[in-house]
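Trainee: Before anything else, here's the structure in question.
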Amino acid sequence: MITVNNLTKIYKTHKRNGNFFKDVFFRAYNELEALSQISFEIGNNELVGFIGPNGAGKTTTLKILSGILYPTSGKVSVMDYTPFEKKPSFLKHIAFVMGQRNQLVWDLPSRDSLILQKAIYEIPEDTYKKNVNELTQLLHCADILDKPVKTLSQGQRMKMELVVGLLHRPHIIFFDEPTIGLDIFSQEAIRDFIRQYQSETKATVILTSHYLEDVKKLAKRLIIIDKGSIVYDGSLSNIIEQYSQEKLVVVTLEKVIKKKEIDQIGVRFSYTFPKIIFKIPKARLPEKIKKITQSLPFSDLTVEDEKIEDIVKTFFRKINS
Amino acid sequence: MMKTYIKNATIFYLLSRNALKITLQGRMGVIFFLLGKIIRVLFIFAFLALVFNRTRLVKGYNFEQILVFFLTFNIIDTLGQILYRQVYRFRPLVVSGGFDMVLLKPIHPFIRILLGGVDFLDVLLVIPYFFVTFFIFAKMEISSFHMFLYLLLIINSMVMVTGFHISILALGIATTEVDHTIMIYRDLSAMGRFPMNIYKEPVRGFFTYIIPVSLMMNVPAQAILGLATPWFILFSLLISLGLLCLSLLFWDYALKRYQSWGG
């Protein structure tokens, strides 16, 4: 479905010397390699998490895959199309939902944008009604269809962006930071929607997000990109297995105890009554849990995975060391 | 083919309807905009009347002929503003990265960024221009051949206007600069408000052969007044076609260099 071979993208930026005359008349340029010979394949119905630090090349990759940007070199094929040719038959099958971009008409209700979208994608009337109905029900936003976009909250606007962006039932969807700037309830709603939509439509989804919880909850496969190169392409469980060195043991206490009593467990912890969170190396987990249960007055104890953010941090520390 | 035309016409209609809805949200703005434009046109009429009150001819043109040039300029200029108003809003779209969303749609981007914001206030203004112009033509007893030629050359001028606007869009992508370019275009095209031979050489040659303002704004009026040779008309048709082709090439060039600013 998506094949990328030795893809390179170089941006040219104006190099400033600080000399006005030289900057205007003898302009020099910097070449920034945003992507350096990356290759990967994504099959039908996959939901892939695409992560990396700022400026790693995530969005550039998605923009090339969707035909917005022209690659400097390399081969890109999406559903057997060359994206930059922007053939309408290709564009009808894809959607790009960006958390930081707006395609709704700001001054008008979302319904006007939907009607326009219907004409652009040549959606028959009955399919249009059915899709609007389904999408607004999934996102619980039917009541805001006729409100001017400028009066919507950020979370409501993002929901309407999703309705407008997915109205034509695309086969490939690029989500670029779809939960950015949203509160935890809206983040959860958007995540649930993506999961449900993908399982119902069998669409191929590539998701970038700085909230790694999004990726953890949605994707099975993970591609990590750094400085324009792919540094990891594999299963999410594999990276957790390989790079998660600690487990979090969360203990709920029955009564207040002194910090000295917790110190005797002999591992790092944070304590705000009634909760203590211990960070315990995997190898020492059974021994330490035994010690906790014997020495602390607790009412509840749970063992959790390390946060995905911490795992990825460990991963980057290891590859950069 | 027919299906594509119908689809594009439907999208154009919907975009225009949205533009009208947005325009009508600020009613005071509408009133002041219209008043400002009407006052500007009336001032120029008054200025011309004052000039021709003191002299019968200016550079060999009488009052009616000068009016034909002036009104023809206004028709072409206003039609350009009616159809291509969206070009004025292109810079924010490029610098914010909103242009990405335009490129993702299965329609030609020009439908959105060139034709996607019809200015209905200028529609109200172009109607009286047409009436006054054809009233003058009726008084001058223009032949139907010259009338046909006039309309053909107005279309030809619109092809040039289109070419200029596409070039401005391409420049917008390449440099993110639109606002000043469109103002320079407006100022230069305003040189064609009156017949180009009121200017001396090399200004006249520059605005005929280098930047073809004269061909764009003057040739229809010259043709209807019987002042343009067939060769000059043919030359203007070729130049407009060339300008359109060059602007499309420039557009393709710019699109390949688009960097999608704004993250």
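The values are calculated or read from the model by the stated rules, or taken from the named source; none is laboratory data. Predicted, not measured: the structure shown is a model, and the values here were computed from it. Neighbour counts run over all protein chains shown; Cβ positions are idealised from the backbone, glycine included.
Trainee: Within the stretch B:203-262, which residues are away from every other protein chain (no Cβ under 14 Å) and of a type in the set (D, E, K, R)?
Mentor: Passing the criteria: only B:204.
Trainee: To continue, here is another question. Given the criteria more than 18 Å from residue B:189 (Cβ to Cβ) and part of a helix (DSSP H, G or I), does residue B:207 qualify?
Mentor: no
Trainee: Please go through the stretch A:140-199 and pick out each residue that is within 13 Å of the chain's Cα centre (by Cα) and closer than 20 Å to residue A:127 by Cα.
Mentor: A:173
Trainee: Closer than 30 Å to residue A:68 by Cβ and in a helix (DSSP H, G or I) - does that describe any residue in the stretch B:145-152?
Mentor: Among the residues of the stretch B:145-152, not one is closer than 30 Å to residue A:68 by Cβ and in a helix (DSSP H, G or I), which makes the answer no.
Trainee: While we're here: If residue B:176 satisfies all but one of (1) surrounded by 13 or more Cβ atoms within 10 Å (Cβ to Cβ); (2) on the phi < 0 side of the Ramachandran plot, what's the number of the condition it fails?
Mentor: (2)
Trainee: Same structure, new question: For residue B:242, are the conditions met, namely being at pLDDT 90 or above and part of a helix (DSSP H, G or I)?
Mentor: Judged against the criteria, residue B:242 is a match.
Trainee: I'd like to check something: does the stretch A:135-143 contain any residue that is surrounded by 22 or more Cβ atoms within 10 Å (Cβ to Cβ), closer than 27 Å to residue A:65 by Cβ and out of contact with any Lys or Arg (no Cβ under 6 Å at 6 or more places or on another chain)?
Mentor: Yes, the stretch A:135-143 contains a residue that is surrounded by 22 or more Cβ atoms within 10 Å (Cβ to Cβ), closer than 27 Å to residue A:65 by Cβ and out of contact with any Lys or Arg (no Cβ under 6 Å at 6 or more places or on another chain).
Trainee: Out of curiosity, is residue A:98 closer than 30 Å to residue B:25 by Cα and either in contact (Cβ under 8 Å) with a residue 60 or more places away in the chain or within 12 Å of chain B (Cβ to nearest Cβ) (or both)?
Mentor: Answer is yes for this residue.
Trainee: On to the next question. Do we have residue A:184 as among the β-branched types (Val, Ile, Thr) and at pLDDT 90 or above here?
Mentor: The answer is no for residue A:184.
Trainee: Still on this structure, I have one more. What is the number of the single condition among (1) free of Cβ contacts under 8 Å to residues at least 12 places away in the same chain; (2) under 22 Å from residue A:212 (Cα atoms) that residue A:22 does not meet?
Mentor: Failed condition: (2).
Trainee: May I ask you to verify whether residue B:112 is away from chain A (no Cβ under 14 Å), assigned to a helix (DSSP H, G or I) and not β-branched (Val, Ile, Thr)?
Mentor: no
Trainee: Quick check: anything in the stretch B:72-81 of a type in the set (A, V, I, L, M) and within 30 Å of residue A:66 (Cα to Cα)?
Mentor: Initial filter on the stretch B:72-81 (of a type in the set (A, V, I, L, M)): B:75-76, B:79.
Cutting the leftovers down to within 30 Å of residue A:66 (Cα to Cα) gives us none.
No, the stretch B:72-81 contains no residue that is of a type in the set (A, V, I, L, M) and within 30 Å of residue A:66 (Cα to Cα).
Trainee: For the stretch A:61-95, give me each residue that is more than 8 Å from chain B (Cβ to nearest Cβ) and among the hydroxyl-bearing types (Ser, Thr, Tyr).
Mentor: A:61, A:72, A:73, A:77, A:81, A:82
Trainee: Checking residue B:96 against (1) over 14 Å from residue B:15 (Cβ atoms); (2) at pLDDT 90 or above: exactly one of these is not met. Which one?
Mentor: (2)
Trainee: Could you list, in sequence order, all residues of the stretch A:35-59 that are over 14 Å from the mean Cα position of the chain (by Cα) and not acidic (Asp, Glu)? Steps first, answer last, please.
Mentor: Filtering the stretch A:35-59 for residues over 14 Å from the mean Cα position of the chain (by Cα) gives A:35-46, A:55.
Hits for the stretch A:35-59 are A:35, A:36, A:37, A:38, A:39, A:40, A:42, A:43, A:44, A:45, A:55.
Trainee: Moving to a separate point now. What about residue A:112, is it within 9 Å of another protein chain (Cβ to nearest Cβ), assigned to a helix (DSSP H, G or I) and without any contact (Cβ under 8 Å) to a residue 40 or more places away in the chain?
Mentor: Considered against the rule, which asks whether it is within 9 Å of another protein chain (Cβ to nearest Cβ), assigned to a helix (DSSP H, G or I) and without any contact (Cβ under 8 Å) to a residue 40 or more places away in the chain, residue A:112 comes out as yes.
Trainee: Now, a different point. Given the residues A:85, A:134, A:122, which is the only one that is free of Cβ contacts under 8 Å to residues at least 40 places away in the same chain, touching a Gly at 6+ places or on another chain (Cβ under 8 Å) and not polar (S, T, N, Q)?
Mentor: A:85
So that you can scan it fast, the table gives a plain yes or no per residue for (1) closer than 25 Å to residue A:4 by Cα; (2) surrounded by fewer than 16 Cβ atoms within 10 Å (Cβ to Cβ):
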position	(1), (2)
A:183	no, yes
A:188	no, yes
A:194	yes, no
A:199	yes, yes
A:204	yes, no
A:208	yes, no
A:218	yes, no
A:226	yes, no
A:229	yes, yes
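Trainee: Within the stretch B:1-14, which residues are facing chain A (nearest Cβ under 7 Å) and under 23 Å from the mean Cα position of the chain (by Cα)?
Mentor: B:11, B:14
Trainee: Within the stretch B:80-97, identify whether any single residue is within 14 Å of another protein chain (Cβ to nearest Cβ) and at positive phi, and answer yes or no.
Mentor: yes
Trainee: Do the conditions hold for residue B:228, that is, is it under 12 Å from residue B:153 (Cα atoms), of a type in the set (A, V, I, L, M) and more than 19 Å from the chain's Cα centre (by Cα)? Spell out how you get there, then give the answer.
Mentor: Numbers: under 12 Å from residue B:153 (Cα atoms): yes; of a type in the set (A, V, I, L, M): yes; more than 19 Å from the chain's Cα centre (by Cα): yes.
Answer is yes for this residue.
Trainee: Check the stretch A:13-34 and report whether any residue there is surrounded by 19 or more Cβ atoms within 10 Å (Cβ to Cβ), among the small types (Gly, Ala, Ser) and either part of a strand (DSSP E or B) or more than 23 Å from the chain's Cα centre (by Cα) (or both).
Mentor: yes
Trainee: Further question: State which residue is modelled with the lowest pLDDT when the search covers only the stretch A:41-73 and only residues that are on the phi > 0 side of the Ramachandran plot and surrounded by fewer than 17 Cβ atoms within 10 Å (Cβ to Cβ). Walk me through how you get there before you give the answer.
Mentor: Residues of the stretch A:41-73 on the phi > 0 side of the Ramachandran plot: A:45, A:52, A:55, A:57, A:67.
Subset that is surrounded by fewer than 17 Cβ atoms within 10 Å (Cβ to Cβ): A:45, A:55.
Numbers: A:45: 91, A:55: 85.
Among residues in the stretch A:41-73 that are on the phi > 0 side of the Ramachandran plot and surrounded by fewer than 17 Cβ atoms within 10 Å (Cβ to Cβ), the one modelled with the lowest pLDDT is A:55.
Trainee: Among the residues of the stretch B:212-236, count how many are more than 13 Å from residue B:195 (Cβ to Cβ) and either surrounded by 18 or more Cβ atoms within 10 Å (Cβ to Cβ) or without any contact (Cβ under 8 Å) to a residue 24 or more places away in the chain (or both).
Mentor: First pass over the stretch B:212-236, keeping only residues more than 13 Å from residue B:195 (Cβ to Cβ): B:212, B:216, B:226, B:229-236.
Among the residues that remain, those that are also either surrounded by 18 or more Cβ atoms within 10 Å (Cβ to Cβ) or without any contact (Cβ under 8 Å) to a residue 24 or more places away in the chain (or both) are: B:212, B:216, B:229-236.
Summing the residues that are more than 13 Å from residue B:195 (Cβ to Cβ) and either surrounded by 18 or more Cβ atoms within 10 Å (Cβ to Cβ) or without any contact (Cβ under 8 Å) to a residue 24 or more places away in the chain (or both) in the stretch B:212-236 gives 10.
Trainee: Now for a separate question. Restricting to the stretch B:123-144, name every residue that is in a helix (DSSP H, G or I) and either under 18 Å from residue B:252 (Cα atoms) or of a type in the set (Ser, Thr, Tyr) (or both).
Mentor: B:129, B:133, B:144
Conditions (1) at pLDDT below 85; (2) surrounded by 15 or more Cβ atoms within 10 Å (Cβ to Cβ), marked per residue:
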| position | (1), (2) |
| --- | --- |
| B:5 | no, no |
| B:11 | no, yes |
| B:21 | no, no |
| B:36 | no, no |
| B:51 | yes, no |
| B:63 | yes, yes |
| B:101 | no, yes |
| B:107 | no, yes |
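Trainee: If you go through the stretch B:246-260 one residue at a time, how many are aromatic (Phe, Trp, Tyr), surrounded by 13 or more Cβ atoms within 10 Å (Cβ to Cβ) and under 24 Å from residue B:211 (Cβ atoms)?
Mentor: 2
Trainee: For the stretch A:266-321, which residues satisfy the criterion of being touching a residue at least 24 places away in the same chain (Cβ under 8 Å), of a type in the set (S, T, N, Q) and in a helix (DSSP H, G or I)?
Mentor: A:295, A:314
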